[in-house]
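K.L.:
Quick one: structure below, then a few questions.
The values are calculated or read from the model by the stated rules, or taken from the named source; none is laboratory data. All values reported here derive from a predicted model rather than from experimental measurement. Quick reminder, even Gly has a Cβ in these numbers, built from the backbone with ideal geometry, and neighbours come from all protein chains shown. Only protein heavy atoms, including side chains, enter the accessible area calculation; ligands, DNA and RNA are left aside. Shrake-Rupley method; radii C 1.70, N 1.55, O 1.52, S 1.80 Å.
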Amino acid sequence: MQMSQEVLGQFRRKRFLIAAVVAALVLILTLSLRYMEEKGRIEQQSRTFAYNAIQRFDRMFSPLDVAANNTLGLVGLSCEQVRFPLVEKLAMLQTVRSVLLVDDDRIYCSSIYGSVSIPFSDTYPELAVNNQRMKLAVDQDLLKGSPVLLLWTPRSLDNRSGIMQVVNIELMTNYLLEPTLPWVERAIFKVAGKSLEYGNPMIEEAVPSEDEVSVEQASLRYPFTITLFGPSPARLALVTVPSQLPLALLLSMLMGYIVWLATANRMSLSWQISYGITAREFMVYAQPLINARTGACDGIELLLRWHNPRQGWIPPDVFIPLAERQNLIAPLTRFVIGEAVRHLPSLPARNSFHIAINVAASHFHDKAIIDDLQSLWWPANPKPQLIVELTERDSLPVVDQRVVSHLHEIGVQLAIDDFGTGHSSLSYLKTLSPDILKIDKVFTAAIGTDAINATVTDMVISLAQRLNISLVAEGVETAEQAEYLRERGVDVLQGYFYARPMPLADIPDWLVDHEAHLRTPAHV
Ligand code: C2E
Ligand code: CA
Ligand code: CA
């Protein structure tokens, strides 16, 4: 019993461990997934911010571009002639502060001041020489000191004539680059190494910042980039992890519970038993039955052994009661019968040799045992005498009388196992009319040590003799016990004193040895 508790406890511990590991994995997985998702979302937010800002800037620059190209025809005409059409166009483009016309490398006309004369390439080498189309600069005219963007539209490839628009970039930046906290803290508009940041009306050298992560995207149409700074997405995402904990815990506990329930079957011993039957993890052992008078081997009792590769050897006292409860005992018995049949050719082929199998009372229901014997045992045309040992542990067996008579009719002998213990009672003797009584090993062990049990043994012996029922004593471990039982007329002895249960395949050799041993003079 201790053993069975241990084995069952092992199964439960294993099940619990698996459920706990699954729960922990689900917890880790859920949190990491949520973290990755959040990180991805934050990164996406920053990229979308930059993308949208670029789109909007592009959309603001595009009409300026068109307007400048449409006006290129005016370049070269005298300032008086072109100034008013210029101002008119300008009025429509609210983002442009002023327009300057350049011809022959001189700025000669300003929409604000009219005729001027400023050397172009000397003043704006970036545009005239470096071929840049944009330049961040400080307004010298209208709003002195405020940042502007110079948008240069050359008429000729040599950059000596064209139109320069002075764009109110500060207004645009304030309007288009407002940061969205928490993922975008700073947004910067950059042109050719100069930068203009939202909320700071100063044009500065663009220097990379170290501690904050930046997203940088360039416009495909104009030579500017948008750079964003903000806390690293990983850090931001990490902050959100604790808020995910309750849900993740709930999920992991739920999964753990589901696994606990789901493994109830798979991990249970009964599942392992049915798996073990198909995986051929069971083996049939046999223990010799010794004729008390002659010392010859009169037969064998077949006993199941289970080597479970995951748990090792599991004793029958653990798995048999469980198999009985889970309705798995019949397949196990069929396996034993099958093995007996398989080994028949190597076993003595005479009726005086007995093969005893253990059959649970439940297997008697609906004649199931008869059907199994008809389909498995009799077709093999066996010579040995079959004995069915009836064992019942949990309750009084309600054995169908007709099944018992039927067994007798087909030539099977019935033994009552463990007689004198548990629920086996005297009333069996009447209802089952057994051929054999097996005295349980506790009574054999009592011989010479326990007066009360020894008295029961004596009573059982005389009862059986009066009813003309054969007697088998189990658990014979000493010569003294064997002598005692033989003196009182017990017919058959079984126990470690003669032989321990051994693989059924070893029996033929054992029989040869035993007979040789019997014939030695010492035994006569
Ligand atoms: P059981 O039918 O009373 O079988 C006798 C048990 O006593 C066997 O234990 C055997 O190994 C053990 N035994 C034999 N000689 C000695 C001895 O000298 N000293 C001691 N201490 N023990 C001895 P085992 O094989 O562990 O089987 C335990 C029980 O499991 C069996 O008791 C039987 O009730 C059940 N069992 C085994 N195989 C089957 C089977 O195929 N079908 C069914 N229904 N039950 C089985
Ligand atoms: Ca038995
Ligand atoms: Ca027994």
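K.L.:
List the residue pairs whose Cβ atoms are under 6 Å apart, where the first residue sits in segment 342-361 and is over 12 Å from Ile300 (Cβ atoms), the second is among the acidic types (Asp, Glu) and part of a helix (DSSP H, G or I), and the two are 6 or more positions apart or on different chains.
P.N.:
Matching pairs, first to second residue: Ala360/Glu324.
K.L.:
Now a separate question. Just one of (1) within 12 Å of ligand 1 (Cβ to nearest atom); (2) out of contact with any His (no Cβ under 8 Å at 6 or more places or on another chain); (3) modelled with pLDDT of 85 or more; (4) not acidic (Asp, Glu) trips up Thr457, so point out which.
P.N.:
It fails just one condition, (1).
K.L.:
Within segment 208-221, identify whether any single residue is at pLDDT 90 or above, of a type in the set (Gly, Ala, Ser) and within 22 Å of Ser46 (Cα to Cα), and answer yes or no.
P.N.:
Within segment 208-221 (the criterion being at pLDDT 90 or above, of a type in the set (Gly, Ala, Ser) and within 22 Å of Ser46 (Cα to Cα)), the answer is yes, since at least one residue qualifies.
K.L.:
Let me ask another. Among Leu236, Leu247, which is within 39 Å of the chain's Cα centre (by Cα), more than 16 Å from ligand 2 (Cβ to nearest atom) and open to solvent by 40 Å² or more (accessible area, probe 1.4 Å)?
P.N.:
Working: Leu236 fails: open to solvent by 40 Å² or more (accessible area, probe 1.4 Å).
From the options Leu236, Leu247, the qualifying one is Leu247.
K.L.:
A further question on this structure: Quick one: count up the residues across segment 342-379 that are more than 13 Å from ligand 1 (Cβ to nearest atom), of a type outside the set (Asp, Glu), assigned to a helix (DSSP H, G or I) and open to solvent by 40 Å² or more (accessible area, probe 1.4 Å).
P.N.:
Number satisfying all stated conditions: 10.
K.L.:
Of these, Gly199, Gly162, which one is in contact with a Pro (Cβ under 9 Å, 6 or more places away or on another chain), surrounded by fewer than 16 Cβ atoms within 10 Å (Cβ to Cβ), of a type in the set (Gly, Ala, Ser) and farther than 17 Å from Asp58 by Cβ?
P.N.:
Gly199
K.L.:
A further question on this structure: What pairs come out if I take residues in segment 18-31 that are in contact (Cβ under 8 Å) with a residue 12 or more places away in the chain and within 15 Å of Ala237 (Cα to Cα) and pair them with residues that are open to solvent by 40 Å² or more (accessible area, probe 1.4 Å) and in a helix (DSSP H, G or I) whose C-beta lies under 7 Å away, six or more apart or interchain?
P.N.:
Thr30/Leu251
K.L.:
Then there is this: Being free of Cβ contacts under 8 Å to residues at least 24 places away in the same chain, more than 10 Å from ligand 1 (Cβ to nearest atom), open to solvent by 10 Å² or more (accessible area, probe 1.4 Å) and not basic (Lys, Arg) is the requirement here; does Gly338 meet it?
P.N.:
It is false that Gly338 is free of Cβ contacts under 8 Å to residues at least 24 places away in the same chain, more than 10 Å from ligand 1 (Cβ to nearest atom), open to solvent by 10 Å² or more (accessible area, probe 1.4 Å) and not basic (Lys, Arg).
K.L.:
Out of contact with any helix residue (DSSP H, G or I) (no Cβ under 7 Å at 6 or more places or on another chain) and part of a helix (DSSP H, G or I): which single residue out of Phe57, Phe11, Phe16 fits that description?
P.N.:
Phe16
K.L.:
Condition test on Arg466, is it among the basic types (Lys, Arg), more than 16 Å from ligand 3 (Cβ to nearest atom) and modelled with pLDDT of 95 or more?
P.N.:
no
K.L.:
If Ala451 satisfies all but one of (1) within 16 Å of ligand 3 (Cβ to nearest atom); (2) without any contact (Cβ under 8 Å) to a residue 24 or more places away in the chain; (3) among the small types (Gly, Ala, Ser), what's the number of the condition it fails?
P.N.:
(1)
K.L.:
Can you pull out every residue in segment 268-292 that is more than 16 Å from ligand 2 (Cβ to nearest atom), open to solvent by 30 Å² or more (accessible area, probe 1.4 Å) and either in a helix (DSSP H, G or I) or touching a Lys or Arg at 6+ places or on another chain (Cβ under 7 Å) (or both)?
P.N.:
Trp271, Ser274, Tyr275, Ile277, Thr278, Met283
K.L.:
Those residues that are within 13 Å of ligand 1 (Cβ to nearest atom), without any contact (Cβ under 8 Å) to a residue 24 or more places away in the chain and either among the hydrophobic types (A, V, I, L, M, F, W, C) or not in a helix (DSSP H, G or I) (or both), I need them from segment 306-319; list them, please.
P.N.:
The one that is within 13 Å of ligand 1 (Cβ to nearest atom), without any contact (Cβ under 8 Å) to a residue 24 or more places away in the chain and either among the hydrophobic types (A, V, I, L, M, F, W, C) or not in a helix (DSSP H, G or I) (or both): Trp313.
K.L.:
Just to be sure before I move on: is Leu254 open to solvent by 80 Å² or more (accessible area, probe 1.4 Å) and at pLDDT 90 or above in the structure I sent?
P.N.:
yes
K.L.:
Report every pair of residues separated by at least 6 positions or lying on different chains whose Cβ atoms are under 6 Å apart, first residue within segment 138-156 and of a type in the set (Lys, Arg), second open to solvent by 50 Å² or more (accessible area, probe 1.4 Å).
P.N.:
none
K.L.:
I've got another one for you. Test Asp400 against the criterion of being closer than 24 Å to Tyr275 by Cα and either more than 10 Å from ligand 1 (Cβ to nearest atom) or not hydroxyl-bearing (Ser, Thr, Tyr) (or both), and give yes or no.
P.N.:
Considered against the rule, which asks whether it is closer than 24 Å to Tyr275 by Cα and either more than 10 Å from ligand 1 (Cβ to nearest atom) or not hydroxyl-bearing (Ser, Thr, Tyr) (or both), Asp400 comes out as no.
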